[in-house]
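Undergrad: Pasting in a structure now, in structure tokens, and then I'll have a few things to ask.
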Amino acid sequence: MDLDLRQVRYAVALAEELHYGRAAARLTIAQQTLSAQITALEKRLGVTLFARDRRQVALTPAGEVFVQRGRRLLADARRLVDDLTRTQAPLRVDVLTEGLTPSVLVQHLRTRSPCLPFEVVHSQGLAAAVPRLLSGDLDLAFGRVHGLGRPLRAALATMPVRLEPLGVLLPADHPLAARDQVPLAALADHPLLVHTADEAAEWRDWIEEAVTAFGLRVALRVRGHGRASIHATVAARGYPAFGLTTGDLPGGLTARPLVGPVPLYPWHAVWNPTTPSPPTLDRVLELVHTYAHDHHWHRRPAGDCWLPEADRHLLRSSG
């Protein structure tokens with residue numbers, strides 16, 4: 001015998017109100033409809049759930065059993081709907097800004113699993129994404145897990161993704177542009193542009209660590225968002241700046257690898273296992289790990305390389 005969940009809900013409401021008028025108002029149906037549905041339910045079950053007369057409504061012993069189990073049934077039904085809804089909910093992924101490693105990963109994920117729904121967010125920095133991860137408003141973010149202004153919360157899980165070599169962005173007519181590679185010692189002779197977003201405390205910290213470690217000079221500090229902004233600022237001001245050596249550059253700019261040592265930027269995937277997330281999160285993390293492994297993103301380049309001490313310590317302890 002099949003049960004109609006609508007009738008179960010009606011019976012539970014009547015049991016809680018013990019009054020047809022109040023229960024009908026709560027359910028936003030007519031009192032006659034409620035009475036007819038309760039009668040139909042009792043007929044289907046072959047038992048009397050409610051003893052009623054003109055003055056009162058009371059649960060029978062059978063009614064007490066039915067309402068107790070009915071509440072559980074309705075709760076299970078709500079959980080089922082919630083779980084199904086989460087399977088269709090998009091995975092909210094923060095790629096920080098355009099053109100970085102997280103954007104490359106999302107492009108791969110969309111190609112590899114086109115049916116996976118994504119909602120891409122640009123927070124401009126992991127420091128800005130962390131509060132949203134903690135509150136459950138974000139499912140997955142990427143970035144450097146040190147230099148955030150405070151230690152990463154223990155509730156968050158991390159997975160190493162990439163050690164990315166960084167280079168230097170230059171005006172095409174800059175003296176360093178004549179080199180195929182730029183030693184960090186040579187970069188020390190040319191004042192730098194430091195271009196960071198307020199939200200990217202971890203990137204700003206990485207630059208300050210590099211400036212201190214290699215005796216670099218800073219000519220100008222500028223706030224801005226995205227690769228297009230830093231390209232425009234380097235072109236307008238003429239100072240070199242840390243950046244990627246991959247991707248398209250506008251006319252008048254070039255990029256060169258840094259060596260002696262190679263500076264590395266450590267990327268991690270970060271998520272919150274304590275908050276509800278779409279079931280696709282585990283699949284996405286697996287795909288990210290596989291892509292990083294297949295492209296040797298975890299390997300350090302041959303020769304000397306550099307990371308801030310906190311990042312080196314984390315890599316030693318995790319590897």
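Every number here is computed from the coordinates shown, using simple stated rules; none is lab data. Remember, it's a predicted structure, so these values are computed and weren't measured experimentally. A quick note on method: Cβ atoms are made from the backbone with ideal geometry, for glycine too, and the neighbour counts reach across all protein chains shown.
Undergrad: Counting only C-alpha contacts under 8 Å and six or more residues apart, can you give the relative contact order of the chain as a whole percent? Working shown, then result.
TA: Details: 512 pairs, mean separation 64.9, N = 319.
Normalised by residue count, the contact order of the chain is 20 percent.
Undergrad: Work out the length of the dipole vector of the range 164-264 about its Cα centre, built from +1 on the beta-carbon of each Lys and Arg and -1 on the beta-carbon of each Asp and Glu, and round it to the nearest 20 debye.
TA: Numbers: 8 positive and 11 negative charges, 60 e Å.
Here the range 164-264 has a charge dipole of around 280 debye.
Undergrad: Once amide H atoms are placed 1.01 Å from N in the peptide plane, what residues at a sequence separation of 5 or more from residue 218, or on another chain, have their amide H within under 5 Å of its amide H?
TA: 192
Undergrad: When a footprinting reagent is the concern and you count Cβ atoms within 10 Å, what order do 9, 217 take, fewest first?
TA: Values: 9 17, 217 11.
Ordered by Cβ neighbours within 10 Å, fewest first: 217, 9.
Undergrad: Separate question: Out of all DSSP beta bridges with both ends in the chain, state the antiparallel percent to the nearest 5.
TA: On the way: 22 of 37 bridges.
Counting DSSP beta bridges with both partners in the chain, the antiparallel share is about 60 percent.
Undergrad: Next question. Quote the relative contact order of the range 164-264 in percent (integer), defining contacts as alpha-carbon pairs under 8 Å separated by 6+ residues. Numbers along the way, then the final one.
TA: Numbers: 178 pairs, mean separation 53.3, N = 101.
It comes to 53 percent, rounded to a whole number.
Undergrad: Under unit Cβ charges (Lys, Arg +1; Asp, Glu -1), what dipole magnitude, rounded to 20 debye, does the chain have relative to its Cα centre?
TA: Details: 36 positive and 32 negative charges, 218 e Å.
Rounded to the nearest 20 debye, it is 1040 debye.
Undergrad: Taking H placed 1.01 Å from N in the peptide plane, check which residues at least 5 places from residue 259 or on another chain put their amide H under 5 Å from its amide H.
TA: Long-range HN contacts for residue 259: 182, 184.
Undergrad: Under a point spin-label approximation (7 Å from Cα along Cα-to-Cβ), what is the residue 3-residue 52 distance to one decimal in nm?
TA: Label-label distance for residue 3 and residue 52, simple model: 2.0 nm.
Undergrad: Here are labelled values, (1) 192; (2) 144; (3) 217, and one is the computed volume of the Cα convex hull per residue in Å³ for what I pasted. Which one?
TA: (1)
Undergrad: State, to one decimal in nm, how far the label point of residue 158 lies from the label point of residue 137, with both points 7 Å from Cα in the Cβ direction.
TA: It is 2.3 nm.
Undergrad: In addition: Identify, among 226, 146, 269, the residue whose Cα sits farthest towards the positive end of the charge dipole of the chain, taking +1 on the Cβ of Lys and Arg and -1 on the Cβ of Asp and Glu, with the dipole about the Cα centre.
TA: 269
Undergrad: Quick one: if the Förster radius is 35 Å, what FRET efficiency do residue 36 and residue 79 give, using the C-beta to C-beta distance and rounding to 0.05?
TA: Values: r = 30 Å, r/R0 = 0.84.
Approximately 0.75, to the nearest 0.05.
Undergrad: Still on this model: Suppose each label sits 7 Å from its Cα in the direction of the beta carbon; what would the residue 236-residue 119 distance come out to in nanometres?
TA: 3.4 nm
Undergrad: Next question. Under 5 Å between amide hydrogens, which residues at least 5 positions from residue 243 or on another chain qualify, with H placed 1.01 Å from N in the peptide plane?
TA: Result for residue 243 returns 167, 168, 169.
Undergrad: What's the FRET efficiency of residue 286 with residue 212 using the Cβ-Cβ distance as r and R₀ = 45 Å, to the nearest 0.05?
TA: Numbers: r = 38 Å, r/R0 = 0.85.
With R0 = 45 Å, the Cβ-Cβ based efficiency is 0.75.
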